[in-house]
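The values are calculated or read from the model by the stated rules, or taken from the named source; none is laboratory data. Keep in mind that this is a model prediction, so the values were computed, not measured. Cβ placement follows ideal geometry from the backbone for every residue including glycine, while neighbour counts extend to all protein chains displayed.
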Amino acid sequence: MSRATSFSSMMQQLMQSVGVGLSALIVHLSTVMHGRVSIVAEDVSHGFFAIGLLSALSAIVFYLLPPTAGSELTPGR
């Protein structure tokens, strides 16, 4: 169990880094595509939208889990 906890924590931190990098890339690309020299709110909104979309897509993974997933972790069963 301790190995799984360590791995899970590491993956969370890694994915947070990937998310920040992806959002920064999208903000940069939006700025470049619009020919701007500095960032405006519209550019940042594209980054937030991308991260929100990725978060929403994770619901698909949880939806595909069987109804009994994790039931062995519930005490008294």
Original post:
Consider ALA69 against the criteria (1) part of a helix (DSSP H, G or I); (2) modelled with pLDDT under 90: it satisfies all of them except one. Which criterion is unmet?
Top reply: (1)
Subject >> Scope the range 16-41; condition in a helix (DSSP H, G or I) and loosely packed, with under 12 Cβ neighbours inside 10 Å; matching residues >> reply: GLN16, SER17, VAL18, GLY21, ALA24, VAL32, MET33, ALA41
